[in-house]
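Derivation of every value follows stated rules applied to the coordinates shown; laboratory data play no part. If you're wondering where the values come from, they're calculated on a predicted model, not measured in any experiment. Here Cβ is always computed from backbone atoms with ideal geometry, including for glycine, and neighbour counts include all displayed protein chains.
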Amino acid sequence: MPRRSRLIFHIDVNSAYLSWEAADQLQHGASLDIRTVPSVIGGDAEKRRGIVLAKSIPTKKYQINTGDTLYSARLKCPQLLIFPPRYDLYIRSSAAMLELLGEYSPSIQRYSIDEVFMDYTKMEEHFGEPIRVAHHIKDKVKRELGFTVNIGIAENKLLAKMASNFTKPDRVHTLFPEEIPTKLWPLPVEDLFMVGRATVPKLHRIGIYTIGDLAHSDPKLLKKRLKSHGTLIWNYANGKENSPVGNIPGIKSIGNSSTISFDVEDRKTAHMFLLSLTEMVAMRLRSSNYLAQVIGVSLKSQEFFSYSHQRRLYTPTDSTNKIYTTALALFGEMWQGEPLRALGIRVGGLVDNTPRQLSLFDPGDLYRQRALDTVVDKMRVKYGSNIIMRAVFLHSGIKPLTGGVGEEDYPLMSSIL
């Protein structure tokens, strides 16, 4: 392989939620690998949000798609196995993969909970030829962590991500500049990153059906029709993208919400759900190495009326207790006793968690609280969310951590060209 100016890996977990559930079951003695039979991750059909979040490969022949209701999925496949989402498991599995990848490069960027960019530039002298190392990493993830990944290798993040989407699962693909005409350009234009459903018909109307058509089109015409987005996707079609791998500023907020299976009508129960949501948000905030300056709470009533309040803090925080205390105050300002169907927490105004001078507004036990949060996070990542919980959740029927990980919480590739 010729010497490359940059070498970027994109590691993408195959059917992440379902793979992580399968791996965990097998590690705990299960005899059936749910990846080999029709199965989905999708919550509880009896609850209000019963949809398919992830699916096994055998579900394809039943035309079961992500986003289908569990009811319709069962109609298509009566023997379908359904498992509820376990976001604490997903965080542990993602963290374990990140730790493994850290052995091969100091420059790693978590793009989403199941996708990671790794800069392998100049690491060949330490670990060897990139394709061989990618296969080694892929096999090591499978052997040690129990799930499979696709790895794309390219000279930038865009092409690495496109490459990892080629044939799945458990594969390594390259997409270098000289391979663009044969590997990228024949693909349908809708396969290109950042070409969404609304853009596709606009491109079809001007005769663009493949990524190659887009690459060879007039960029001035695209800019006229699609504004700056036209220029962006024309560059992407030609493989042009140069954002660095690392903690790129761009995460604007971290949110967590849950539609509840019953109507919440009392303050105590609402407070418990807010605490459960806050625990997950604060854990993700600390994992991302950010502090939050704005706390927001959103509510949805039984009649689907939504409303929210937010508050800016004097000093940024990643403290579970501080976020929760603020959330309670906001909740008290909004709630008038009407039955609630959903609650949400969001933290924004994010800043890097770097050493700073304490202010008069910081709590006196700031460092003790931070140390406690750190220990609790480590225990939950290693042993699961139920290993340590607040006493209020005992025998309550409410999970100590509720909610998921949103893709919007992670930064997109920069459009610097």
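Worth a mention:
- Stretch gain in nm, segment residue 390-residue 370, where the contour uses 0.36 nm per residue and the Cα spacing is subtracted: 5.5 nm
- Relative contact order, percent, the chain [alpha-carbon distance under 8 Å, six or more residues apart]: 16
- Across segment 253-409, C-alpha contacts under 8 Å between residues 6 or more apart give a mean separation that, scaled by the residue count, equals a relative contact order of 37 percent.
- Here's the list of lysines a cross-link from residue 183 could span, going by alpha-carbon distance under 22 Å and ignoring same-chain residues fewer than 8 apart: 138, 157, 161, 168, 240.
- Part-to-part distance (alpha-carbon centres) for segment 86-157 and segment 292-331, which is given in Å: 35
- Rounded, prolate or oblate (a/c below 1.5 giving rounded, otherwise prolate when a/b exceeds b/c) for segment 185-237 by Cα gyration tensor: rounded
- The chain: Cα Rg divided by the 2.2 N^0.38 Å rule of thumb: 1.06
- Loop sites here are GluC sites (Glu not before Pro) outside DSSP states H, G, I, E and B with no more than 13 other Cβ atoms within 10 Å. The longest part of the chain free of them is 104-264.
- In sequence order, calculated HN-Hα J values of segment 223-239 (Karplus, 6.51, -1.76, 1.60; Hz; x Gly/Pro): 5, 5, 7, 10, 6, 5, 5, x, 5, 4, 6, 5, 4, 4, 4, 9, x
- Averaging the sequence gap over all C-alpha pairs within less than 8 Å and six or more residues apart, then dividing by the number of residues, gives segment 185-237 a relative contact order of 39 percent.
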